[in-house]
Amino acid sequence: MRSSGPRTHAAIGVLAVLAGTALAPPAAAAVVDPAPIGPKQTFVGEVNGTSKGAAIQMGCFGPVLPGSTGHPLAGQSVDVLPGSLSGSSDVGYTGSAGTQVNVSFGEAVSVGTPVVLRAYAVKAQIPTSLVLPCYGSGKVVFTPEPTSADARSATVVVEYVGQP
């Protein structure tokens, strides 16, 4: 019987390294784990996964005229990410007291409870009960709470897109 020498051990070591790198996720795929929102942090708001050029799909049935309103379709979301994103146009700051971010829809005809975000990278559903324009531009505002003199909201400009 032949004994395994240094070559065999080296070959096994190389195969183990190759297998480990083949199974490892790509280094460029950064993942933000959910983390609590806290004071003195910058953040970026997202609507449907983007902070710039976002669209909200609207259920608008029947003849749609200027000024028509409808409800957001189900399955759409808002969230916040820590820090500032490259290409993001608006960055918020939680200030000295902020521990959550309230999300409001500037053009909402119906006034309801704001969407409350307490952690980064956790998506919350856009309420389908909101009454918003069927078409046109609008703003979704991400406001840190509790507020303080140094807190700053982030705003995402959205396009309302009517879906028959």
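The values are calculated or read from the model by the stated rules, or taken from the named source; none is laboratory data. As the structure is a prediction and not an experimental result, all values here were calculated from the model. When we count neighbours, we look across all protein chains shown, and the Cβ atoms used for this are built from the backbone with ideal geometry, even at glycine.
For the stretch 132-149, which positions are closer than 14 Å to Thr99 by Cα and among the charged types (D, E, K, R)?
Glu145
Please find, among Pro63, Pro144, the residue that is surrounded by 17 or more Cβ atoms within 10 Å (Cβ to Cβ) and of a type outside the set (S, T, N, Q).
Among Pro63, Pro144, only Pro144 is surrounded by 17 or more Cβ atoms within 10 Å (Cβ to Cβ) and of a type outside the set (S, T, N, Q).
Pick from the stretch 48-60 the residues that are surrounded by 14 or more Cβ atoms within 10 Å (Cβ to Cβ) and among the small types (Gly, Ala, Ser): which of them is farthest from Tyr135 (Cα to Cα)?
Ser51
Sort out which residues of the stretch 111-132 are closer than 16 Å to Gln76 by Cα and not in a loop (DSSP other than H, G, I, E, B), and write them in order of number.
Val115, Val116, Leu117, Ala124, Gln125, Leu132
Results for (1) closer than 11 Å to Val156 by Cβ; (2) touching a residue at least 40 places away in the same chain (Cβ under 8 Å); (3) in a loop (DSSP other than H, G, I, E, B); (4) not hydroxyl-bearing (Ser, Thr, Tyr), shown as yes or no for each residue.
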position: Lys52; (1), (2), (3), (4): yes, yes, yes, yes
position: His71; (1), (2), (3), (4): no, yes, no, yes
position: Ala74; (1), (2), (3), (4): no, yes, yes, yes
position: Val78; (1), (2), (3), (4): yes, yes, no, yes
position: Ser84; (1), (2), (3), (4): no, yes, yes, no
position: Asp90; (1), (2), (3), (4): yes, yes, yes, yes
position: Ala97; (1), (2), (3), (4): no, yes, yes, yes
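Quick one: Ser77 ticks every box in (1) at pLDDT 95 or above; (2) within 15 Å of Phe43 (Cβ to Cβ) bar one, so which box is it?
Against the list (1) at pLDDT 95 or above; (2) within 15 Å of Phe43 (Cβ to Cβ), Ser77 comes up short only on (2).
When you scan the stretch 150-164, do you find a residue that is in a strand (DSSP E or B) and free of Cβ contacts under 8 Å to residues at least 60 places away in the same chain, even just one?
No.
Please find, within the stretch 92-109, the residue that is surrounded by the most Cβ atoms within 10 Å (Cβ to Cβ) out of those that are at pLDDT 95 or above and not polar (S, T, N, Q).
Step by step, filter the stretch 92-109, then rank; the result is Val101.
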